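Novice: Got a structure for you, questions after.
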Amino acid sequence: MFAEDRAAFIASLDDYSLLVIDDLGVERNTEYAMEQMFTVIDSRYRSKKPLIVTTNLKLEEIKNPPDLAHTRIYDRILERRAPVLFSGKNFREEGARATKAAEKKIGRTTYIVRVHFSKTSKETMSDKIKRMLKNEIRQM
């Protein structure tokens, strides 16, 4: 995007009644990226519009940021937002363990699997991968 288009896009985020920022903390740690993130967060902060932020950062990391750029962002989030901790199993780690276990059984072949879930599926990612790999092994 050109700078004007980018500025208009960021300004347009204020048009939404709710903004969700997913995975805060994984953005590039460049001065430019931090300034863009600050602009979005500060705009929501000043407009007092709702904001949901998800992150894998620990609350301690947010309360004690590494530098001024992060402090400016995190302070605005913490002042008007209530942190909620969701703890539990990391489904990505669980899926990775299942894949590694299946790879050991199959051998040294690496499979890249595209997984699709229907809207009514109750199957976990781990279970689906295990089932797909078992079917693959049966066909060998």
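What follows is calculated from the coordinates using simple rules that are stated; it is not laboratory data. Since we're looking at a predicted model, the values are computed, not measured.
Novice: Amide H of V53 versus every other amide H placed in the peptide plane: which residues, excluding those fewer than 5 positions away on the same chain, fall under 5 Å?
Specialist: Counting only residues 5 or more places away or on other chains, the set is I21.
Novice: Still on this structure: Going down the table (K89/K130; K89/K122; K89/K134; K58/K89; K58/K134), which pairs top 26 Å between alpha carbons?
Specialist: As for pairs spanning more than 26 Å Cα to Cα, those are K58/K134.
Novice: Let me ask another. Using alpha-carbon pairs under 8 Å, 6+ residues apart, how would you state the relative contact order of the stretch 29-85 in percent?
Specialist: 45 percent
Novice: For the stretch 52-59, just list the computed ³J(HN,Hα) in residue order, Karplus coefficients 6.51, -1.76 and 1.60, θ = phi - 60°, integers in Hz, with x standing in for Gly and Pro.
Specialist: Working through the residues one at a time gives 10, 10, 9, 7, 9, 5, 7, 4 Hz.
Novice: Got a sec to turn the phi values of the stretch 24-34 into Karplus ³J(HN,Hα) couplings, 6.51 cos²θ - 1.76 cosθ + 1.60 with θ = phi - 60°, whole Hz, x for Gly and Pro?
Specialist: 4, x, 9, 5, 4, 8, 8, 4, 5, 4, 5
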